[in-house]
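Accompanying notes for the structure given below.
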Amino acid sequence: MSENTFMGVPREKIDWFPIIDYDKCNYCLECVKFCPHDVYEVRENEEKKVIVKNPYNCVVFCRACGKTCGVDALSFPDKSEVTKKIKQLRMEMEQNG
Amino acid sequence: MDKNYVVLPCNGLDKCAGCITREIALILKEKISCEIICPVFYRVADARYNKLANENQLIVIDGCNTRCATRLASEKNLKVYKKVNVSEVAQKNNITLSKELKVGEDEKRVIEIIINELLQENQNTSKDLEIKFPETLDYEIYKKDKFIFRLPKNGFYFNENDCWVYVDGNLARIGVTDYVQQSLSDIMFFNPPTVGNEISQFDEVGTIESGKAVFEIISPVSGKIVRINEKLLESPEYINENPYEKGWIADIELSDFESDKMLLLTFDEYFEKMKRKVDEFHV
Ligand code: SF4
Ligand code: SF4
């Protein structure tokens, strides 16, 4: 299975994954084709034809699929905020033994 | 640092800006222990100063646009390393210099600005920005089918995004690991980061591209990019040959490695991760 921790911190505690702006998305599915980590899922019969199904599969600090999106519909969280949070979580974990 | 500095102020005593050049020279002498050339004495006896100016990096400080110090330097055929014009700096910073000859608060600010600029330059240029990188590396190897994954053992750190960093004092060299190179297969294009850019940890520092995919290089450290591996522009295949040696990506002047280190992996930790990734994806 995929990684479930990042630098020792449980992956679910780290908010890093792509966010799709459905106002922009034209469902070209380039992002789905690109990412090898099973983050996206295609839903043929729904209005939102692509969703971020497994956000925590996304590799922390990867933004690679964002470049494949021609209409710039993908965004990611603020990197330095996330870095700060990870450091803080690690500190807490160390203190709790 | 193999060169020292020598400073030539105009020392114009009848203008405030000229008096400031003297102050600046005195502070520089204290801070970077450079020698001072007295322009008045230089005119009457130049043997000693010619030698001094030719053997060191010359900083010329003019008070105003009459540029007495610059003229003196060119009269004496000196090579000028750096030039400052006090009036220009004051103007640029919206400071009006006093008509008095004494150095007041506003003048002190101008002095401070100029000193800071000069010292920063001094740091950038005098510090030897050549990284000392080992001539040979000691690798641990993981094999999977016909693929070989090397990982250098000593002095390297890694991030989870498969990039490495080798640290030497306040300089670091970064690159990608064999895992990236093997996953991409033949790398055809290197899109370098911009030299001089300040980056923080986990920022993108260029991309590499193969027929298969584009890989974003994610910096393991924060700092300033001081050099890129220009050979890769011509020969990106060096990354396939050896991403740790001839296929390195960039050199970075570190800003806070102690803090970056908290989010980096040691050889042992990354080697385990890499093995797992290889097993998962390389089937
Ligand atoms: S690449 Fe962009 S436009 Fe295409 S499906 Fe993904 S998010 Fe939508
Ligand atoms: S950022 Fe990377 S890991 Fe995350 S979804 Fe995009 S390609 Fe996949």
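Listed values, structure above:
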quantity	calculated
Odd one out for B:L263, checked against (1) within 12 Å of chain A (Cβ to nearest Cβ); (2) in a loop (DSSP other than H, G, I, E, B); (3) open to solvent by 30 Å² or more (accessible area, probe 1.4 Å)	(3)
Single match in B:E209, B:E253, B:E269, B:E245 (criterion: under 18 Å from B:R150 (Cβ atoms), touching a residue at least 12 places away in the same chain (Cβ under 8 Å) and either at the interface with another protein chain (Cβ under 10 Å from one of its Cβ atoms) or not in a loop (DSSP other than H, G, I, E, B) (or both))	B:E269
Residue match in the stretch A:16-26 (condition: within 14 Å of chain B (Cβ to nearest Cβ) and either over 14 Å from the mean Cα position of the chain (by Cα) or open to solvent by less than 90 Å² (accessible area, probe 1.4 Å) (or both))	yes
Residue within the stretch B:8-30 that is modelled with pLDDT under 90, crowded, with 17+ Cβ neighbours inside 10 Å and under 30 Å from the mean Cα position of the chain (by Cα) present	no
Residue match in the stretch A:40-53 (condition: within 21 Å of B:F202 (Cα to Cα) and surrounded by fewer than 19 Cβ atoms within 10 Å (Cβ to Cβ))	no
Residues that are buried (at least 16 other Cβ atoms within 10 Å of the Cβ) and among the hydrophobic types (A, V, I, L, M, F, W, C), drawn from the stretch A:67-84	A:C69, A:A73, A:L74, A:F76, A:V82
Enumeration of residues in the stretch A:70-93 that are touching a residue at least 40 places away in the same chain (Cβ under 8 Å) and either closer than 15 Å to A:I20 by Cα or not in a helix (DSSP H, G or I) (or both)	A:G70, A:V71, A:D72, A:A73, A:L74, A:S75, A:F76, A:P77
The stretch B:149-175, subset under 18 Å from the mean Cα position of the chain (by Cα) and open to solvent by 10 Å² or more (accessible area, probe 1.4 Å), residue nearest to B:G206 (Cα to Cα)	B:R173
Some residue of the stretch B:154-163 being away from chain A (no Cβ under 14 Å), touching a Ser or Thr at 6+ places or on another chain (Cβ under 6 Å), in a strand (DSSP E or B) and not small (G, A, S)	no
Members of the stretch A:27-60 found to be under 21 Å from B:K212 (Cβ atoms), assigned to a loop (DSSP other than H, G, I, E, B) and either touching a helix residue (DSSP H, G or I) at 6+ places or on another chain (Cβ under 9 Å) or within 14 Å of ligand 1 (Cβ to nearest atom) (or both), listed by number	A:C28, A:L29, A:C35, A:P36, A:H37, A:D38, A:V39, A:C58
Condition met for A:A64 (within 8 Å of ligand 1 (Cβ to nearest atom), small (G, A, S) and crowded, with 17+ Cβ neighbours inside 10 Å)	no
Residue among A:E41, A:E12, A:E30 that is within 13 Å of ligand 2 (Cβ to nearest atom) and away from chain B (no Cβ under 14 Å)	A:E41
Within the stretch B:212-230, considering residues that are open to solvent by 40 Å² or more (accessible area, probe 1.4 Å) and over 21 Å from B:E245 (Cβ atoms), the one nearest to the other protein chains (Cβ to nearest Cβ)	B:V214
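The values are calculated or read from the model by the stated rules, or taken from the named source; none is laboratory data. Note that the structure is predicted; figures quoted are calculated from it, not measured. No Cβ is skipped: glycine too gets one built from the backbone with ideal geometry, and neighbour counts run over all protein chains shown. We work out accessible area using only protein heavy atoms, side chains counted, and drop any ligands, DNA or RNA first. Shrake-Rupley method; radii C 1.70, N 1.55, O 1.52, S 1.80 Å.
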